[in-house]
Amino acid sequence: MTDRLKDLTAAGVAVWLDDLSRVRLSSGGLDQLRREQHVAGVTTNPTIFAKALSDADEYNWQLRDLATRGVDVEEAVRMLTTYDVRWACDVMRPSYDGSNGVDGRVSIEVDPRLAHEAEKTVAEAKALWWLVDRPNLFIKIPATEDGLPAITATLAEGISVNVTLIFGLDRYSQVMEAFLAGMEQAKANGHDLSKIGSVASFFVSRVDTEVDKRLEKIGSDEAKALRGKAAVANAQLAYERYSQVFSSDRWQALADAGAHPQRPLWASTSTKNPDYRDVIYVEELIAPGTVNTMPEAVIHAYAEHGETRGDTITGSYDAARKVFADLESVGVDMADVIATLEREGVEKFEASWLELIDGVKKSLAEAARGAGRPNEAATGNARAAEAAGGNA
C-alpha cells in the first residue's frame, strides 16, 4: 500500500498537525499520528484552544484546582494552554531528537491583543518560554509591523519563534530580515544557534477566499478564470524569496555558526471552496525545506489520495508572476488584499482569544461551585498527564 505521507516527507515537506486538545493527548491520538502518519510537529492558535476547552471534560480537574486557588481568568488560560503544549512537546520529543532539533516542535501563541505592542510581546514570549520549559517549543508571534522587532528581540534571547499571520511577499521579506537580525544578535549574546529554531507561517487558503470574492464581484469571464490561483502563486513566489535569502553570504555565516534556516510553513491549508481539490494546498506546494501544517482531515485526505509529484514550486515562478499580472489586469489590488487579510487575521485571533477567556471564566465559575466534590476519573487523568511530562 502506498504511504503517501512518507512520500511527501521524502520530498522535503515536514507534515505538522494544525490542532491540539487534551483529549488528543490523553487518548494517545497525537502520538499515534507521530508514529503512523509521519506527523513531525504541532501548531496551535487561540481558535484551536477555544474549541478544545469548550468540547471536553478533560480540563475539569485542572479547572477545579485553579478555581480553588482563586487564580484570575487570564492566568487560568495560561495554565490550561501551557499544560497541553508542554505535554505535546513531550509527545513530539522523539521527532525533535531524531531531527537534531529541526522538527518535533509545538507552537503556542502570545496573546494576540499584544500584536501591536512589541515590548509586551517579547515579555509574554519570555514568560511562555519559561512556563512551558521545553526545548522543542515555538513561540508564535504575528508578523505585524510591531511584531517584527519583537521577533528579532525574542530570537536574540535564544527563544525559538514561529512567525504567524504572514500573507504578503514584502512582509515575508521583512520577516526573514527580522530572523537574520535576531540570529545575529543571539550569536553575539553567546547563544547556541543550533538550539534556536524558527518557521515563517505563510497563510495560503485565506488568500484565495479573499481574492475569489473580489473576482466574483468583478464578474467577467477573465476574472472568473483566475479563481483558485492566487494563493498558490503567492506561496510559490514566497519560496523564491526564501531560496534567495537562504543562499546568501549573510545566511551562510550564520549556518557556519550552527544555525538552522527559518523554514517557510504553509498555514491555512484546508480548502475553503468545495469546488477545489481538498489537498490542493499540499500538492501544489511541495519543495525541499518546507513545512505544511494541516488539520487532521487534510492529513487523512492526503494519506488517502494525495499525489506527490516531486518539487511543484521551483520552476513555477514565471507562471506565478503571470497570475499576479493577470489579477492586476482585471482589477484586483493585491496590496489591499494582503492588508485586509493581515488586519482580519489579527482581529479573528483576538476574537478567539476573547472567546477563550470567556469560556474559561464560565468554566472556572462552574468549577468553583463543584470544587468540593471529588472526581476520581479526573484525578486519574491528572496523574496520567503528569506521567507523560505535564504539570498542573
Checklist entry - What spacing in nm lies between the two simple spin-label points modelled at residue 272 and residue 329, each 7 Å away from Cα in the Cβ direction? => result 2.6 nm
Next on the checklist: How large are Rg and Dmax for segment 1-113 when calculated on the C-alpha trace, in angstrom?
Outcome noted: 15.6, 54
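How would you rank 81-92, 63-74, 28-39, highest first, on the average number of other Cβ atoms within 10 Å across their residues? Before the final figure, lay out each step's value.
Values: 81-92: 24.5, 63-74: 16.2, 28-39: 17.9.
Ranked by mean Cβ neighbours within 10 Å, highest first: 81-92, 28-39, 63-74.
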Next on the checklist: With n ≥ 4 as the cut-off for DSSP H runs, can you work out [θ] at 222 nm for the chain, using -39500 (n - 2.57) per run divided by the number of residues, rounded to the nearest 500?
Outcome noted: -18000 deg cm²/dmol
Checklist entry - Of 365, 153, 123, which has the largest mean-square fluctuation in a 10 Å C-alpha GNM of the chain? => result 365
Checklist outcome for this item: Against the 2.2 N^0.38 Å rule of thumb, the C-alpha Rg of the chain sits at a ratio of 0.99
Checklist entry - Among 295, 264, 112, which one shows the biggest mean-square fluctuation in a GNM of the chain, springs joining Cα atoms closer than 10 Å? => result 295
Checklist entry - P(r) of segment 4-59 in 5 Å steps, Cα pairs, percent per bin? => result 4, 19, 25, 21, 15, 10, 5, 2
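What is the Cα radius of gyration of segment 58-107 over 2.2 N^0.38 Å, N being its residue count?
Details: Rg = 14.3 Å, N = 50, 2.2 N^0.38 = 9.7 Å.
Segment 58-107 yields a ratio of 1.47.
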Item to check | Listed residue (313, 276, 258) projecting farthest to the positive dipole end of segment 257-381, Cβ model | outcome: 258
Next on the checklist: For the ranges 159-170, 273-284, what's the packing order if you count other beta-carbon atoms within 10 Å of each residue, average per peptide, and put the highest first?
Outcome noted: 159-170, 273-284
Checklist entry - Under 5 Å between amide H atoms, partner at least 5 residues away or on a different chain: which partners does residue 267 have, H built in plane at 1.01 Å? => result 202, 203, 204
Item to check | For residue 164, distant residues with modelled amide H under 5 Å away | outcome: 141, 143, 201
Checklist outcome for this item: Carbon/sulfur accessible area of the chain, % of total, 1.4 Å probe, equals 48 percent
Checklist outcome for this item: Residue by residue through segment 249-256, the couplings from Karplus 6.51 cos²θ - 1.76 cosθ + 1.60 with θ = phi - 60°, in Hz, x for Gly and Pro, are 5, 4, 5, 4, 5, 6, 4, 5
Item to check | the chain, accessible area per residue, ligands and nucleic acids excluded (1.4 Å, Å²) | outcome: 41 Å²
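Taking each pair of different alpha-carbon atoms in segment 225-334 once, compute 1/r for the pair, average those values, and report the inverse of that mean as the Kirkwood hydrodynamic radius in Å to one decimal. Write down the numbers at each step before the final one.
Details: mean 1/r = 0.0647 Å⁻¹.
After inverting the pairwise mean of 1/r, the radius is 15.5 Å.
Which pairs break 29 Å Cα to Cα here: 213/322; 51/187; 51/272; 140/272; 126/348? Let's see the in-between values first.
Details: 213/322 20 Å; 51/187 39 Å; 51/272 19 Å; 140/272 24 Å; 126/348 24 Å.
With Cα atoms farther than 29 Å apart: 51/187.
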Item to check | Extended-chain gain in nm, criterion 0.36 nm per residue less alpha-carbon gap, residue 194 and residue 351 | outcome: 52.9 nm
Next on the checklist: With +1 on the Cβ of every Lys and Arg and -1 on the Cβ of every Asp and Glu, and nothing else charged, how large is the dipole of the chain about its Cα centre, in debye rounded to the nearest 20?
Outcome noted: 640 debye
Item to check | With Cα atoms, 0 to 90° folded angle of helix 317-330 axis to the chain main axis | outcome: 80 degrees
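The values are calculated or read from the model by the stated rules, or taken from the named source; none is laboratory data. Keep in mind that this is a model prediction, so the values were computed, not measured. Reconstructed Cβ throughout: ideal geometry from the backbone, glycine too, with neighbour counts over all protein chains shown. Note: areas computed on protein heavy atoms with side chains; ligands, DNA, RNA excluded. Shrake-Rupley method; radii C 1.70, N 1.55, O 1.52, S 1.80 Å.
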